[in-house]
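Worksheet: the structure to be examined is printed underneath.
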Amino acid sequence: MAKTNNQPFLTDVQELRSRARSSIEKGAVTPAYQGDVEQTIDILQSVLATEIVCVLRYTMNAIAATGLSSESVKEEFDQHAKEEQGHMRAVAERINQLGGSPNFNPEGLASRSASQYVEGANLVEMIKENLVAERIACEHYRELIRYFGDKDPTTRVMMEGILTNEEEHANDMHDLLVAHEGKPMLKTHA
Ligand SMILES: [Fe+2]
Ligand SMILES: [Fe+2]
């Protein structure tokens, strides 16, 4: 960096500006970014697919839930659908920030997702399928948080926020299952 004695500060600012200008096309990815951007985008595409599948499943469940005391369950499904949509949006925005194009293509969606799309034949089955999907998401996201570590704190912090919410979802589904079936499906829950 070329500094002149009388204007060191100005030179620094100019240097910073020129570096920023040269990397404008790289968006939020500055030279200090420690992660592998392509890898991060790939990972986030699979998280995005997982979240889209969650939005679809909870929305379908909220509409299809019938039977005794289904109203409170419908409300819960609706609430989760909204929150999954928030996760979907945040992940898509992050992919965009990193210079990627969020993949919303319905083709191949299920295979990109970490959790499956299972409708569930009745209320209890729906709750069980959601609990399974939430547990898979929690496990997957915990792994990703460890992966991002200090390499990409922004993505890590976003995933931590989502994980907290997924753990609440798993808990909600567990409580609903106990309320409707009188027993938990699994001995421990996420
Ligand atoms: Fe989610
Ligand atoms: Fe969830």
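One residue alone among 130, 165, 103 is open to solvent by less than 70 Å² (accessible area, probe 1.4 Å) and more than 30 Å from residue 28 (Cβ to Cβ), and that residue is 130. For segment 84-98, residues that are assigned to a helix (DSSP H, G or I) and either buried (at least 19 other Cβ atoms within 10 Å of the Cβ) or in contact with a Cys (Cβ under 7 Å, 6 or more places away or on another chain) (or both) total 7.
The residues in segment 63-78 that are assigned to a helix (DSSP H, G or I) and open to solvent by less than 40 Å² (accessible area, probe 1.4 Å) can be counted, and the count is 4. One residue stands out in segment 49-61 among those that are open to solvent by less than 10 Å² (accessible area, probe 1.4 Å) and over 16 Å from residue 111 (Cβ atoms): the one that is farthest from ligand 1 (Cβ to nearest atom), namely 61. I want to confirm something. Restricting to segment 121-164 and keeping residues that are without any contact (Cβ under 8 Å) to a residue 40 or more places away in the chain and closer than 21 Å to residue 67 by Cβ, which single residue is farthest from the chain's Cα centre (by Cα)? Once the filter is applied, the top-ranked residue is 121. Is it true that residue 81 is under 19 Å from the mean Cα position of the chain (by Cα), part of a loop (DSSP other than H, G, I, E, B) and either surrounded by 21 or more Cβ atoms within 10 Å (Cβ to Cβ) or within 13 Å of ligand 2 (Cβ to nearest atom) (or both)? So residue 81 fails the test.
Taking the criterion of being more than 18 Å from residue 175 (Cα to Cα), among the hydrophobic types (A, V, I, L, M, F, W, C) and free of Cβ contacts under 8 Å to residues at least 40 places away in the same chain, the residues of segment 43-99 that qualify are 55, 63. If you filter segment 134-174 down to residues that are over 18 Å from residue 49 (Cα atoms) and among the β-branched types (Val, Ile, Thr), you find that the one that is nearest to ligand 1 (Cβ to nearest atom) is 164.
The values are calculated or read from the model by the stated rules, or taken from the named source; none is laboratory data. All of these numbers come straight from a predicted model, not from anything done at the bench. Glycine gets a Cβ as well: all are built from the backbone with ideal geometry, and neighbour counts include every protein chain shown. Surface accessibility is based on the protein's heavy atoms, side chains included, excluding ligands, DNA and RNA. Shrake-Rupley method; radii C 1.70, N 1.55, O 1.52, S 1.80 Å.
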